[in-house]
Each structure stands twice: as structure tokens, then as C-alpha cells.
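Let me begin by presenting the structure, written as C-alpha cells, before commenting on it.
The values are calculated or read from the model by the stated rules, or taken from the named source; none is laboratory data. Since the model is a prediction, treat every value here as computed from it, not as a measurement. Neighbour counts run over all protein chains shown; Cβ positions are idealised from the backbone, glycine included. Note: accessible area is taken over every heavy atom of the protein model, side chains too, but ligands, DNA and RNA are not part of it. Shrake-Rupley method; radii C 1.70, N 1.55, O 1.52, S 1.80 Å.
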Amino acid sequence: LGWAGLFQLVTTTLPRVGQRWIFFLLLQIAVTGTVLPFVRYLNVRFTPINAELPPGGVIVRQSIWFGLFVVTCTWLQIPRVLNLPMAFLVALVFTVIEAFLRTREIRNERAE
């Protein structure tokens, strides 16, 4: 749905403000859906054997973070602000937020 809608939007419409927000929404959906199996694989691969796999909501949230990273970089590219240090900083911010959320979740699971 995301990639097909994105293709349809890019090939048939003029770049205006309303279509720009639809573009960002479709890009978020497309990237999140595409990266979801890879995020699941990485979680299965790097979770220790004696630990439980993260719940499905965590995997979806991590995929959404990746989609949000791509959308943010795309948005920063419009005024030509995106460069390698800026992309690294945005990725670092999203990684720190996810690490903080995951740490809190693991601590709450152990307390139960």
C-alpha cells in the first residue's frame, strides 16, 4: 500500500503542500512495512538465548523509528540541510530514545 501509493502520488500529482504531507505519510508507511521483517530478524538474532524475545509491539515501534528516521532525513533534504553529521545526530537521538524506552520496559518486566 505504501509503495504503490507513493508511486501513484509521485507520478501523477504536482508537488504542492497537501501532496507533500501525503508523500511523507506514504513514505512512513512504506519504509516501516519494508523494514519490519529485518527488524524482527535482528531482534531474533541478537537476543540472548536465555532471554525472551521482545514483544511484537517493540518490533513494530523500532520499525516505526526507522521509518521516522527516513522521513526526517527526507524532510531535512528539502531545504538542503541534511548532511552526514545531521543524519548521524538524528539517528543517535532516535536510538537513545528507543534504548531508554526498552530499558524501562525490561526493568518493569523484571519487577513483575
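Structural remarks
- Counting the residues of region 1-41 that are open to solvent by less than 90 Å² (accessible area, probe 1.4 Å) and in a helix (DSSP H, G or I) gives 25.
- Odd one out for residue 106, checked against (1) under 18 Å from residue 27 (Cβ atoms); (2) of a type in the set (A, V, I, L, M); (3) in a helix (DSSP H, G or I): (1)
- Test: residue in region 79-87 that is surrounded by 15 or more Cβ atoms within 10 Å (Cβ to Cβ), at pLDDT 95 or above and in a helix (DSSP H, G or I): yes
- Being within 18 Å of residue 3 (Cα to Cα), assigned to a helix (DSSP H, G or I) and not hydroxyl-bearing (Ser, Thr, Tyr) is a property that residue 71 has.
- Subset of region 88-105 that is open to solvent by 60 Å² or more (accessible area, probe 1.4 Å) and not hydroxyl-bearing (Ser, Thr, Tyr) - its residue that is modelled with the lowest pLDDT: 104
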